[in-house]
Amino acid sequence: MKKLLAATGNEHKICEFRTILEPFGVEFLTPADVGGILEPEESGSTFEENAIIKALSAATASGMDAFADDSGLEIDALDGAPGIFSSRYADSDSARIERVLRELRDVDNRRARFVCVVALASPAGSHETARGTVEGVIIDAPRGDGGFGYDPIFVPDGYNATFAELPAAVKDSISHRANALKAARRILESWS
Ligand code: ITT
């Protein structure tokens, strides 16, 4: 079986890929396994464009088929922000959360969704993408220590706990990343 390269510098994503992909029988290498990858500038204007930029850059540099995830939080009352700028919204997870909560102070509409687009790319330049989302609401103050990023302020629909309070196994069964990888399953299996 051919292994794919997971093109991400985010350790939390690697952990989640491992759990979600286990039942698919898709194995992958991490950047550490191949001596590191350069992280390209995410100059696209959509999750799809940025996921393709990351997957293509890693595939071209490594000579291996690679996949990447571009993801983020879309908040309706902020016209979809932070969106593709989620990792660039402030300098740390806690500062990003503070900024979102400040911008939502006194705002009643708390509806939001996490979005994840997975791109697969070959060194020759072909590529495919798949998208997954999870709907929920932004609460008033962070809760929980699990997960990463905006997880402490996001409560998925159908639950009373944040992604940072829910067991990792629950997040990894309903998340945007799980849904994107499920949508990409046929592509992942045919490329691996
Ligand atoms: P790579 O580009 O190297 O994969 P990154 O963290 O910079 O790592 P993105 O550009 O896709 O990845 O930015 C995604 C950001 O969106 C991430 O840093 C978080 O702030 C947020 N995010 C994405 N998925 C999340 C999740 O499951 N839980 C919480 N926050 C998430």
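Key figures for this structure:
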{"item": "Region 13-26 - residue that is open to solvent by less than 90 Å² (accessible area, probe 1.4 Å) and more than 13 Å from the ligand (Cβ to nearest atom) and, of those, nearest to residue 121 (Cα to Cα)", "result": "26"}
{"item": "Residue that is nearest to residue 45 (Cα to Cα), among those in region 88-105 that are part of a loop (DSSP other than H, G, I, E, B) and not aliphatic (A, V, I, L, M)", "result": "89"}
{"item": "Positions within region 42-86 being near the ligand (Cβ under 8 Å from one of its atoms) and farther than 27 Å from residue 126 by Cβ, in sequence order", "result": "73, 82, 86"}
{"item": "Selection from region 137-154 of residues that are buried (at least 21 other Cβ atoms within 10 Å of the Cβ) and on the phi < 0 side of the Ramachandran plot", "result": "138, 150, 151, 152, 153, 154"}
{"item": "Counted residues, region 81-132 - those being under 14 Å from residue 48 (Cα atoms), open to solvent by 40 Å² or more (accessible area, probe 1.4 Å), touching a residue at least 40 places away in the same chain (Cβ under 8 Å) and not basic (Lys, Arg)", "result": "3"}
{"item": "Region 6-24, residues that are in contact (Cβ under 8 Å) with a residue 12 or more places away in the chain and over 16 Å from the mean Cα position of the chain (by Cα)", "result": "24"}
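The values are calculated or read from the model by the stated rules, or taken from the named source; none is laboratory data. It should be emphasised that the depicted structure is a prediction, and the values quoted were computed from it without experimental measurement. Every residue, glycine among them, receives a Cβ derived from its backbone with ideal geometry; neighbour counts consider all protein chains shown. Note: areas computed on protein heavy atoms with side chains; ligands, DNA, RNA excluded. Shrake-Rupley method; radii C 1.70, N 1.55, O 1.52, S 1.80 Å.
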